[in-house]
Amino acid sequence: MATIEFGSNEKLIFLDVGVTSSDGSWRIYLPVVLDTGATTTILPADILAALGYDPGHPGLPRIRMITGSGIEYAPCVTVKSLIVGGEEIVNVGVLCHDLPAEAGIDGLLGLNFLKNFDFTVEYSSGRLRFIKIQ
Amino acid sequence: MGEKVSTKKIRERYKDEWVLILNPEISLETKVEGGEVVFHSKDRGEIHRKLNDFKGNKAIVFTGKIPEDVGVLL
């Protein structure tokens, strides 16, 4: 089981996520928000490109995103792995999309990552608990 | 190699900025604990453009907070 402390007085649940490069040799750790309202994890295209992925590749599937402000299309890249709370999930689909910098994050941790866990949000202790589903 | 700084110190030194950290120290719960600050800016885009200037593990930290009078719908 993984336990992550988060700031229970913050407006959002901020986490650090490690994203593994396309050659598997290094990672970038980014601030994201846990978002159970997002089907898919979202990261900026330029960060994925820096990690060696090709978000502009014409062969990538483009996913229709229904957002609060309308419908947008974004390419979906499969990253080697994401790591959160010490738990690593391999081959995760990530939508390439820039969120406004004013939110103080680089992306969203969506349900396609979270569905690998039973997880609880404990506001009383400011902790998230993740149990990996075997 | 530059000075290793804790994330707590980074938040004190670079208020309301995006900070690029090289060779970050990562806790068992995947929290960025500190590292070598190689660039900082109010502009997130500048940080992203600097990523390819450095080899190895990196981390991005935002030291600001969402203002009290702002709501977020993502």
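What 222 nm value per residue comes from the helices of chain A, counting each DSSP H run with n ≥ 4 as -39,500 (n - 2.57) and dividing by all residues, nearest 500 deg cm²/dmol?
Numbers: 2 runs with 10 residues, N = 134.
-1500 deg cm²/dmol, from helical runs alone.
Among the listed pairs A:Lys11/B:Lys4; A:Lys80/B:Lys55; A:Lys132/B:Lys8; A:Lys115/B:Lys4; A:Lys80/B:Lys8, give every one whose C-alpha distance is greater than 24 Å. Could the numbers behind the result be given before it?
On the way: A:Lys11/B:Lys4 30 Å; A:Lys80/B:Lys55 18 Å; A:Lys132/B:Lys8 30 Å; A:Lys115/B:Lys4 36 Å; A:Lys80/B:Lys8 30 Å.
Checking Cα-Cα distances, A:Lys11/B:Lys4; A:Lys132/B:Lys8; A:Lys115/B:Lys4; A:Lys80/B:Lys8 exceed 24 Å.
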Could you check which residue among A:Asp54, A:Asp118, A:Asp35 shows the biggest mean-square fluctuation in a GNM of chain A with a 10 Å Cα cutoff?
A:Asp118
Chains A and B, summed buried accessible surface - 1.4 Å probe, Å², nearest 100:
2400 Å²
Please work out the average accessible area per residue across chain A, using the 1.4 Å probe convention, and give it in Å².
46 Å²
Let me check the size of chain B from its C-alpha atoms; what are the radius of gyration and Dmax in Å?
12.9, 41
Give me the percent relative contact order of chain A, please, defined on Cα pairs under 8 angstrom at least 6 residues apart.
33 percent
What nm value, rounded to one decimal, do you get for the distance between B:Ser27 and A:Glu72 when each label is placed 7 Å out toward the C-beta?
3.2 nm
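Over the whole of B:51-59, what's the average partner chain Cβ count within 10 Å per residue? Rounded to a whole number, please.
On the way: counts 6, 3, 1, 1, 2, 3, 7, 8, 7.
Rounded to a whole number, the mean comes out at 4.
For chain A, give the percent of accessible area contributed by carbon and sulfur heavy atoms, probe 1.4 Å, rounded to a whole number. Mind dumping the intermediate values first?
Working: 3060 of 6160 Å².
Using a 1.4 Å probe with all protein chains present, chain A comes out at 50 percent carbon and sulfur.
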Pull out the extension gain between B:Lys9 and B:Glu68, defined as 0.36 nm times the separation in residues minus the alpha carbon to alpha carbon distance; nm, one decimal.
18.9 nm
Convex hull projection area averaged over all views, chain A, Cα basis, nm²
8.4 nm²
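So if we plug the beta-carbon distance of A:His57 and A:Trp26 into 1/(1 + (r/R0)^6) with R0 = 22 Å, what FRET efficiency do we get, rounded to 0.05? Numbers along the way, then the final one.
Working: r = 21 Å, r/R0 = 0.96.
With R0 = 22 Å, the Cβ-Cβ based efficiency is 0.55.
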Inter-chain shielding metric for A:14-22, i.e. average beta-carbon neighbours from other chains within 10 angstrom, reads 3
Normalised by the number of residues in the range B:4-71, what is the relative contact order in percent for Cα pairs under 8 Å and 6+ residues apart?
40 percent
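The values are calculated or read from the model by the stated rules, or taken from the named source; none is laboratory data. No experiment lies behind these values; they were computed from the predicted model shown. Heads up, the Cβs are rebuilt from the backbone with ideal geometry, glycines too, and the neighbour counts pull from every protein chain shown. For the accessible areas, the whole protein counts, side chains as well, though only heavy atoms, and no ligand, DNA or RNA atoms are used. Shrake-Rupley method; radii C 1.70, N 1.55, O 1.52, S 1.80 Å.
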